[in-house]
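Undergrad: I'd like to ask you about the structure that follows.
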Amino acid sequence: MAYTPALSDRPRVLVVGGGYVGLYVALKLQKKVREHGGIVTLVDPLPYMTYQPFLPEVAAGSIESRHAVVSHRMHLKQTEVITGRVTSIDHANKTATIDSEDGVTFELPYRDVVIAAGAVTRTFPIPGLAEQGIGLKTIEEALELRNTVLERIEAGSILPDGPEKKRALTFVGVGGGFAGIEAMTEIEDMARHAAEQNPRLKRSDLRFVLVEAMGRIMPEVTEHQAEWVVEHMRSRGIEVLLNTSLASAVDGKLDLINMPDKTPAQSFEADTLLWTAGVQANPVVRSFGFALDERGRVKANAELRVIDDNGQPVEGAWTAGDVAAVPDLTGGGVGGFCVPNAQHAVRQAKHLAKNIYAERWGVGQVTEYKHENLGAVAGFGINKGVAKVMGIKLKGTLAWLAHRGYHGFAMPTWERKIRVIADWFLNAVLGRDTTEISDLETPYRAFRTAATPAKKPAAKVEDAREGQKAEDKAGAQAPADSR
């Protein structure tokens, strides 16, 4: 039975999700809403927001993993933070059902709700993918990817030449969007450096393969730039396989097929399989009762209000970010909607906060969201990148600097900006850190091994023989009547 714990009884703006949109809406509204006698409540399964554009650099060791996340409690001091999941919403009665991390279920009343549940990795029913693959949507995945690559390099260095060594030192990425390209190039940059530090390996021992089902990569940049990126990656020894798809990954044996005819391409084995082939709206919104489009996104208008199937606004319901189908009034969005990226999410969040404040307290006016795309930047490892900023095309070091400059500025809160910039400075001065952190999945193994009583060793053969001799001697000296 659901119940309500000791939470605020003030009029509530409930924010579902603590990513880009959720964090910024809470940051912009928490003080204002409190001054009007209300409260902002943020609910998310994680206690932090992840700045996802930094995940490739976390995987490559250029940024400390904790510095790429923003703590909700540290920075939302006037927001009621609940670490849990919103499992359903009864908007007619303005209540949400929440499951806490400890399994406690309760209902929470609200006056306004912001659906900001974000996106999750999009996968396909490819045999073996779930068992062999790893995504790059969370800070934990980035850290695990880094440690896996470094561990495989170390393991491969002591293996004899042959199939097992080739498998350990083969690293495959599926997906040619920004995330996939940045991840593979950053990982390659780090891995080659790690190989140089190991006298048992050569840089050429490592194999990197990028698989993309379409005929080009990175649709956010011009075709000429995309072709340059492919040439750049191939010059670094990364195999770029366009019009190619993954058909099976069972037991680490990767079967690739040509697209679109789906004829067999090539097969090989790899221990590391990175999957970055797109995202989809968080499926949790299917239980919220709001209208969804064919891609599972919450329907919205340009004012960032939730709308019903007839296009009418739903009073007290708002949405933005990757989970929302927000019209792109500039006409540049795919299918007429804003693309799911950080640039739109941050700006929509700030705009949404202003609209809620204007709607509820009459300060300002509710306006439509419209944002011209400023361009795109991507980093491919130290001093390497590509960018298109306000029509200006860049590549190499200048693009890499633009990438770091943009994302360093976009990172939420000055405290986190400073930590990230400090990481970059230390790496520039001290060099890249390629330390592998072991046993993250089994952190108690060392203690439990030490705490488990050792088994009593078996008696030595000599001890057994001496015992037998003593018994024989005692038997020989025994009285005759006792035999």
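The values are calculated or read from the model by the stated rules, or taken from the named source; none is laboratory data. The structure displayed is predicted, hence computed values, not measured ones. All Cβ positions, glycine included, derive from the backbone under ideal geometry; neighbour counts span all protein chains shown. Protein only, heavy atoms only, side chains kept; ligands, DNA and RNA dropped before computing areas. Shrake-Rupley method; radii C 1.70, N 1.55, O 1.52, S 1.80 Å.
Undergrad: Within the stretch 312-328, restricting attention to residues that are open to solvent by less than 10 Å² (accessible area, probe 1.4 Å) and in contact with a helix residue (DSSP H, G or I) (Cβ under 7 Å, 6 or more places away or on another chain), which residue is farthest from residue 110 (Cα to Cα)?
TA: Of all residues in the stretch 312-328, those open to solvent by less than 10 Å² (accessible area, probe 1.4 Å) come to 316-320, 323-326.
Still in the list and also in contact with a helix residue (DSSP H, G or I) (Cβ under 7 Å, 6 or more places away or on another chain): 318, 320, 323, 326.
Working: 318: 13, 320: 18, 323: 20, 326: 23 Å.
Of everything passing the filter in the stretch 312-328, 326 is farthest from residue 110 (Cα to Cα).
Undergrad: Also, quick follow-up: Report yes if some residue within the stretch 334-346 is more than 24 Å from the chain's Cα centre (by Cα) and either surrounded by 15 or more Cβ atoms within 10 Å (Cβ to Cβ) or not charged (D, E, K, R) (or both); otherwise report no. So that I can check it myself, show each step before the final result.
TA: Filtering the stretch 334-346 down to residues more than 24 Å from the chain's Cα centre (by Cα) leaves 335-336.
Applying the additional criterion that residues be either surrounded by 15 or more Cβ atoms within 10 Å (Cβ to Cβ) or not charged (D, E, K, R) (or both) yields 335-336.
Among the residues of the stretch 334-346, at least one is more than 24 Å from the chain's Cα centre (by Cα) and either surrounded by 15 or more Cβ atoms within 10 Å (Cβ to Cβ) or not charged (D, E, K, R) (or both), which makes the answer yes.
Undergrad: Do we have any residue at all in the stretch 8-22 that's of a type in the set (Lys, Arg), over 26 Å from residue 142 (Cα atoms) and open to solvent by 60 Å² or more (accessible area, probe 1.4 Å)? Let's see the steps before the verdict.
TA: As a first pass, look at the stretch 8-22 and keep what is of a type in the set (Lys, Arg): 10, 12.
Next cut, over 26 Å from residue 142 (Cα atoms) only: 10, 12.
Right, trim to open to solvent by 60 Å² or more (accessible area, probe 1.4 Å) and you get 10.
Yes, because at least one residue in the stretch 8-22 is of a type in the set (Lys, Arg), over 26 Å from residue 142 (Cα atoms) and open to solvent by 60 Å² or more (accessible area, probe 1.4 Å).
Undergrad: Right, another one. Can you pull out every residue in the stretch 36-48 that is assigned to a strand (DSSP E or B) and more than 30 Å from residue 193 (Cβ to Cβ)?
TA: Answer for the stretch 36-48, where residues must be assigned to a strand (DSSP E or B) and more than 30 Å from residue 193 (Cβ to Cβ): 39, 40, 41, 42, 43, 44.
Undergrad: For the structure I just gave you, tell me whether residue 374 is of a type in the set (A, V, I, L, M, F, W, C), touching a helix residue (DSSP H, G or I) at 6+ places or on another chain (Cβ under 9 Å) and over 25 Å from residue 91 (Cβ atoms).
TA: Values: of a type in the set (A, V, I, L, M, F, W, C): yes; touching a helix residue (DSSP H, G or I) at 6+ places or on another chain (Cβ under 9 Å): yes; over 25 Å from residue 91 (Cβ atoms): yes.
Yes; evaluated as a whole, the condition is true for this residue.
Undergrad: Checking the conditions here, which among 247, 265, 213 is more than 19 Å from residue 136 (Cβ to Cβ) and within 26 Å of the chain's Cα centre (by Cα)?
TA: 247
Undergrad: Under 7 Å between Cβ atoms, at least 6 apart or on separate chains: pull out the pairs that start in the stretch 313-333 with a residue that is under 14 Å from residue 89 (Cα atoms) and end on any residue that is open to solvent by 50 Å² or more (accessible area, probe 1.4 Å).
TA: Qualifying pairs under 7 Å: 314/308; 316/111.
Undergrad: Open to solvent by 10 Å² or more (accessible area, probe 1.4 Å) and in a helix (DSSP H, G or I): does that describe residue 77?
TA: Numbers: open to solvent by 10 Å² or more (accessible area, probe 1.4 Å): yes; in a helix (DSSP H, G or I): no.
In short, no.
Undergrad: I would also like to ask the following. Which residue, of 178, 171, is open to solvent by less than 20 Å² (accessible area, probe 1.4 Å) and of a type in the set (Phe, Trp, Tyr)?
TA: Working: 178 fails: open to solvent by less than 20 Å² (accessible area, probe 1.4 Å).
Of the residues listed, the single one that is open to solvent by less than 20 Å² (accessible area, probe 1.4 Å) and of a type in the set (Phe, Trp, Tyr) is 171.
Undergrad: Among (1) of a type in the set (Gly, Ala, Ser); (2) on the phi > 0 side of the Ramachandran plot; (3) open to solvent by less than 10 Å² (accessible area, probe 1.4 Å), where does residue 296 come up short?
TA: Every listed condition holds for residue 296 apart from (3).
Undergrad: Okay, moving on. Which numbered condition in (1) touching a residue at least 60 places away in the same chain (Cβ under 8 Å); (2) assigned to a loop (DSSP other than H, G, I, E, B) is the only one that residue 102 fails?
TA: (1)
Undergrad: If a residue has to be aliphatic (A, V, I, L, M), open to solvent by 20 Å² or more (accessible area, probe 1.4 Å) and either in contact with a Ser or Thr (Cβ under 7 Å, 6 or more places away or on another chain) or touching a residue at least 24 places away in the same chain (Cβ under 8 Å) (or both) to count, how many in the stretch 378-405 make the cut? Lay out the reasoning, then the answer.
TA: First pass over the stretch 378-405, keeping only residues aliphatic (A, V, I, L, M): 378, 382, 386-387, 389-390, 392, 394, 398-399, 401-402.
From what is left, the residues that are open to solvent by 20 Å² or more (accessible area, probe 1.4 Å) are 382, 389-390, 392, 394, 398, 401-402.
Among the residues that remain, those that are also either in contact with a Ser or Thr (Cβ under 7 Å, 6 or more places away or on another chain) or touching a residue at least 24 places away in the same chain (Cβ under 8 Å) (or both) are: 382, 402.
Matching residues across the stretch 378-405 total 2.
Undergrad: Let me ask something else. Evaluate the stretch 24-35: report whether one residue or more is closer than 26 Å to residue 291 by Cα, in contact (Cβ under 8 Å) with a residue 12 or more places away in the chain, open to solvent by 10 Å² or more (accessible area, probe 1.4 Å) and assigned to a helix (DSSP H, G or I).
TA: Within the stretch 24-35, one or more residues are closer than 26 Å to residue 291 by Cα, in contact (Cβ under 8 Å) with a residue 12 or more places away in the chain, open to solvent by 10 Å² or more (accessible area, probe 1.4 Å) and assigned to a helix (DSSP H, G or I).
Undergrad: Sticking with this structure for a sec: Go through the stretch 406-417 residue by residue and tally those that are free of Cβ contacts under 8 Å to residues at least 60 places away in the same chain and surrounded by 13 or more Cβ atoms within 10 Å (Cβ to Cβ).
TA: The initial filter retains those residues of the stretch 406-417 that are free of Cβ contacts under 8 Å to residues at least 60 places away in the same chain, namely 406, 408-409, 414, 417.
Then keep just the ones that are surrounded by 13 or more Cβ atoms within 10 Å (Cβ to Cβ); that gives 406, 408, 417.
Going through the stretch 406-417 one residue at a time, the tally reaches 3.
Undergrad: Checking residue 249 against (1) open to solvent by 20 Å² or more (accessible area, probe 1.4 Å); (2) at pLDDT 95 or above, only one condition comes out false. Which one?
TA: Every condition holds for residue 249 apart from (1).
Undergrad: Report, by residue number, each residue of the stretch 206-241 that is open to solvent by 50 Å² or more (accessible area, probe 1.4 Å) and within 21 Å of residue 273 (Cβ to Cβ).
TA: Selection gives 207, 214, 234, 239.
Undergrad: Okay, next question. Among (1) out of contact with any strand residue (DSSP E or B) (no Cβ under 6 Å at 6 or more places or on another chain); (2) more than 23 Å from residue 300 (Cβ to Cβ); (3) of a type outside the set (S, T, N, Q); (4) surrounded by fewer than 18 Cβ atoms within 10 Å (Cβ to Cβ), there is one condition residue 136 misses while meeting the rest; what is its number?
TA: (4)
Undergrad: With respect to residue 309, determine if the residue is assigned to a loop (DSSP other than H, G, I, E, B) and open to solvent by 10 Å² or more (accessible area, probe 1.4 Å).
TA: Here the answer is yes, as residue 309 does meet what is asked.
Undergrad: If you take the residues of the stretch 83-104 that are among the small types (Gly, Ala, Ser) and open to solvent by less than 50 Å² (accessible area, probe 1.4 Å), which of them is modelled with the lowest pLDDT? Give the derivation first.
TA: At the first step, the residues of the stretch 83-104 found to be among the small types (Gly, Ala, Ser) are 84, 88, 92, 96, 100, 103.
From the residues that got through so far, the ones that are open to solvent by less than 50 Å² (accessible area, probe 1.4 Å) too are 84, 88, 96, 100.
Details: 84: 95, 88: 96, 96: 97, 100: 89.
Here the answer is 100.
Undergrad: Would you check if residue 113 is surrounded by fewer than 21 Cβ atoms within 10 Å (Cβ to Cβ), in a strand (DSSP E or B) and either polar (S, T, N, Q) or within 26 Å of the chain's Cα centre (by Cα) (or both)? Outline the logic, then answer.
TA: Values: surrounded by fewer than 21 Cβ atoms within 10 Å (Cβ to Cβ): no; in a strand (DSSP E or B): yes; either polar (S, T, N, Q) or within 26 Å of the chain's Cα centre (by Cα) (or both): yes.
For residue 113, the condition - surrounded by fewer than 21 Cβ atoms within 10 Å (Cβ to Cβ), in a strand (DSSP E or B) and either polar (S, T, N, Q) or within 26 Å of the chain's Cα centre (by Cα) (or both) - is not met.
Undergrad: Being in contact with a helix residue (DSSP H, G or I) (Cβ under 7 Å, 6 or more places away or on another chain) and either free of Cβ contacts under 8 Å to residues at least 24 places away in the same chain or closer than 28 Å to residue 435 by Cβ (or both) is the filter here, so list the residues in the stretch 121-136 that pass it. Explain how you work it out, then say what you get.
TA: We begin by selecting, within the stretch 121-136, every residue in contact with a helix residue (DSSP H, G or I) (Cβ under 7 Å, 6 or more places away or on another chain); these are 123, 127-128, 132, 134-136.
Within the stretch 121-136, 132, 134, 135, 136 qualify.
Undergrad: While we're here: Can you work out which of the residues in the stretch 36-51 that are in contact with a helix residue (DSSP H, G or I) (Cβ under 7 Å, 6 or more places away or on another chain) and more than 19 Å from residue 9 (Cβ to Cβ) is surrounded by the most Cβ atoms within 10 Å (Cβ to Cβ)? Steps first, please.
TA: Kept after step one, since they are in contact with a helix residue (DSSP H, G or I) (Cβ under 7 Å, 6 or more places away or on another chain), are these residues of the stretch 36-51: 36, 39-40, 42, 44, 47-51.
After this cut, where a residue has to be more than 19 Å from residue 9 (Cβ to Cβ) as well, the list is 44, 47-51.
On the way: 44: 24, 47: 14, 48: 20, 49: 28, 50: 24, 51: 24.
Residue satisfying both the conditions and the ranking: 49.
Undergrad: Quick check on my filter: what residues within the stretch 421-442 are at pLDDT below 80 and loosely packed, with under 10 Cβ neighbours inside 10 Å?
TA: 441, 442
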